[in-house]
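Right, one structure below, let's go through it.
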Amino acid sequence: MSDASGGIAVGSLLLALLGGAMRVSTPFLFVSLGECITEKSGRINLGLEGTLVFGAMSGYGVAYLTGSPWLGILAAGGSGLLLGVMHGLLCSLPRVNDIAVGIAMMLFGTGLAFFLGKPLIQPVAPTLPSLVLGGWSSNTQIQEALRINVLLPIGIVLAFALRWAFVHTRWGLALRLVGDNAAAARALGYPVIPVRIAATAVGGFLAGIGGAFLSLYYPGSWNEGLSSGQGLMAVALVIFARWDPVRCALAALLFGAAGALGPALQSQGMTSGYYLFNAAPYVLTLILMSMSWSSGRSLAGAPGELSLVNR
Amino acid sequence: MVRFLIQPPCLRRWFSDMDGTLVGANGQTPGRDAISLAAIGVSKCFGELQALDDVSMQVDAGSFHCLLGENGAGKSTLVKCLVGYYRPDQGNFLIDGREYEVRNPRDAQHLGIGMVYQHFTLAPGLTVAENLLLARGDLPFVLDWKREKTGLSEFMAQMPFRLELGAQVADLAAGEKQKLEILKQLYLRRRLLILDEPTSVLTPAEADEVLGMLHGMTRAGQLTVLMITHKFREVTAYGDVVTVLRRGRPAGTGRVNSTSVEQMAEMMVGTHIHVAVERSQGRAPDAEPGPVRLQIEALQAENDRGTPAIRQFALQVRAGEMVGVAGVSGNGQKELIEVLLGQRAAISGNILVDGEPYQATRVQMRQHGVYSLPEEPLKNACVPGMSVAENMALRNFDLPPVSLGWETGWHVRPAQLNRRARELVEMFGVRPADPSLPIASLSGGNVQRAVLARELAQPVRLLIVANPVFGLDFAATETIHRRLAEARNGGAAILLVSEDLDELLELSDRILVMSEGVIVYEVTADSAERAVIGRYMAGHETHDKELVC
């Protein structure tokens, strides 16, 4: 090949992007799956950013205290569940707006996590194991790129399971009914408020696990700058994915790759301007949102009860 | 009165399910088990308002019973008490001669009583099959879609009209949604079906199809039907017995074949009124049609889902002429009105008013005198939280004499605004006659009157009207029709889009039929024939989602 050097650079950049996508996408994946469940019930939980940060802190703390990252994951999920229940209960009060509560919950979750997490900045907790899928290759770069965390395959399986469950289980149908037309659900005797609280709680559980990934795998420590808005971007991602869990997974990988663009370019020896590429996920969010919102049309596939849908 | 602890019809139904197949999963007729219903001395108050006052009525098993009455006569309250939405203050209901306490809609459902509401109780984001299954309510945790689809197909095969099981409800036309509502109740094997104005969104042919089928089921003894309606035609064609309510009290009851339409109407409104549908309000025969006011050329627009709703649409409305657009809802009428009112952007085509391009800006509306009474005026023409007076000033709050100041005036004078509102309220009979109330607190008919008052108080040269009397009672319908005819006789051009063919036949000078976003038929009112119009409304292309058997 005549442009061998250029080819290698592009190849390794793509590898770095792939590896980055695998690494960075997991929190997007879990938060977006959680948000997908919540939004299917007709509510938006913008507080998942707070849930993510709080999950990261509590997961890290428990993993440090017990020595088991898995207990950390469970604790993160559990604390996310509690925050979800809190959001769900608050929104069930009359004339309470879910978006406003979400913003309050976001501030509450991050604030509480920073407050309780002060003593956790120094200690080192055990991290989650990873799966090495690149053993067949002698290329260290490929090995590195294919070293994935265990949560990623779990999340992808979960995405397919959710897509199936939305159509093939009683709970899935009831969830969609409640999110699509609450009056009809009431008329048919399905409990609207409890379904929504449960959906928000499960959404919180998954978002908490997404947070634990941040502190227990990558970057793998607890500090206050851990999350960079993944929880909020995941909300945009769900809309982009049209409330389909499998498309959520694909979109999460896309966002992961965008997030890996800056570091990948840096590792390629780019010294100036890579900060600009660090903004790629945010730019991507803006582009996708403006693409998916066209004027004069309602969003296909949107749950009818969602406060961002006019019908 | 003795209260029975067990509920024999329930048990009977249960046993019949045992030797039959799965509950509700196939439409096997559950034998002859239409049930009878009696209301005895039912009263219900809402605060000061006595909605029902000692109402008694008898609905025989297997009969087709019509419940007539003006808006606010208590029809809906009565059936809502019956299906458990309200608890009556006094009185009780007998089902098959036994008294039951119906505490909530679930109780009514267990007794085999189902209700089809005026508004749809479907989940638009779900499919037809999913909506049917969710209504059944006894789903296993994991659904066996293959088996359910087979069961549903078998059920559909027995029905006189069919819907595609996999279709999304949001994509169905209003008529199809209404059919699905009825199918849902039949799927649940109701033995007493209550219908609240079921045909308001159907073509005459569809209405005949639906009511004819229900009528057949009553004849076979499978079903008792209690139907709330405004349409005398349906009562005379399908009803066995009619009960009329007036102001919460029974005003009369009788067998349909021995009660004339005039008698029913008299019972409804309490005085003798003229009800025959005739062109009493057509244009004066000597009037010449004026110059073209509204001209639409090759208009194209999309619906909310981005699929074409109006295709190569063209029409003309002349001064002093009322042009009626008939059609089944969901054939582009809504989008047409929205484009004309500036609520929706057209893809291509021209709208000319007085020969000039028209984009529905406020300036152009004033310049050409284009005003409108859109459907659902509370949503499309009002600010619900503002007072009646403020809503009535939306057209002219920034003009003298309501406001003063430079050019268009930026100081609104509340005294002027209220004075004008009081005049209009008086003139158009808006009730309650207090312009300071929020407009959302008014009944539908009064919102309609208030908006019409506002629009007609302007110098109207072109009036765009959509379903102006939807859900209104006799008196309100009468006033609004009279006002529209007066405006037309005064020289205004009127475009009247309506799903009510009687209304169009009564008022219009020319009738166009809209189907699939285009005009498919045009006829002058003098030579219009209901059956021909109905055929064009139901144009075969319209029903591609439905297999006609």
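In the set A:VAL235, A:VAL246, A:VAL283, which member is buried (at least 20 other Cβ atoms within 10 Å of the Cβ) and either aromatic (Phe, Trp, Tyr) or out of contact with any strand residue (DSSP E or B) (no Cβ under 8 Å at 6 or more places or on another chain) (or both)?
Every option except A:VAL235 fails the conditions.
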Determine whether the stretch B:187-202 contains at least one residue that is crowded, with 22+ Cβ neighbours inside 10 Å and small (Gly, Ala, Ser).
no
Within the stretch B:346-375, count every residue that is in a loop (DSSP other than H, G, I, E, B), surrounded by fewer than 16 Cβ atoms within 10 Å (Cβ to Cβ) and either within 23 Å of the chain's Cα centre (by Cα) or without any contact (Cβ under 8 Å) to a residue 24 or more places away in the chain (or both).
2
So, of the residues in the stretch A:146-196 that are among the aromatic types (Phe, Trp, Tyr) and under 24 Å from the mean Cα position of the chain (by Cα), which turns out to be surrounded by the most Cβ atoms within 10 Å (Cβ to Cβ)?
A:PHE166
Reported set for the stretch B:290-323 where residues are in contact with a helix residue (DSSP H, G or I) (Cβ under 8 Å, 6 or more places away or on another chain) and within 14 Å of another protein chain (Cβ to nearest Cβ) is B:ALA301, B:GLU302, B:ASN303, B:ARG305, B:ALA309, B:ILE310
Restricting the search to the stretch B:467-503, which residues are surrounded by fewer than 24 Cβ atoms within 10 Å (Cβ to Cβ), aliphatic (A, V, I, L, M) and either more than 18 Å from B:GLU376 (Cα to Cα) or not assigned by TED's automatic domain parsing to the domain that holds B:TYR358 (or both)?
B:ALA475, B:ALA485, B:ALA487, B:LEU501
Can you confirm whether A:ALA165 is at pLDDT 90 or above and within 14 Å of chain B (Cβ to nearest Cβ)?
yes
From B:GLU176, B:GLU148, grab the single residue that is of a type in the set (D, E, K, R), part of a helix (DSSP H, G or I) and within 13 Å of chain A (Cβ to nearest Cβ).
B:GLU148
For residues that are more than 20 Å from the chain's Cα centre (by Cα) and hydroxyl-bearing (Ser, Thr, Tyr), tally how many sit in the stretch B:61-95.
3
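Take the residues in the stretch B:415-466 that are among the basic types (Lys, Arg) and outside any helix (DSSP H, G or I); name whichever of them is surrounded by the fewest Cβ atoms within 10 Å (Cβ to Cβ).
Among them, the one singled out is B:ARG431.
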Restricting the stretch A:184-202 to residues that are at the interface with chain B (Cβ under 9 Å from one of its Cβ atoms) and closer than 17 Å to A:ALA302 by Cβ, which is modelled with the highest pLDDT?
A:ALA185
Checking B:GLN343 against (1) part of a loop (DSSP other than H, G, I, E, B); (2) surrounded by fewer than 16 Cβ atoms within 10 Å (Cβ to Cβ); (3) away from every other protein chain (no Cβ under 14 Å): exactly one of these is not met. Which one?
(3)
Is it true that B:GLY137 is on the phi > 0 side of the Ramachandran plot and within 14 Å of chain A (Cβ to nearest Cβ)?
yes
Being buried (at least 19 other Cβ atoms within 10 Å of the Cβ), under 30 Å from A:PRO94 (Cβ atoms) and away from every other protein chain (no Cβ under 14 Å), is that true of even one residue in the stretch A:214-221?
no
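The values are calculated or read from the model by the stated rules, or taken from the named source; none is laboratory data. Everything quoted here is computed from the prediction, not taken from an experiment. Every residue, glycine among them, receives a Cβ derived from its backbone with ideal geometry; neighbour counts consider all protein chains shown.
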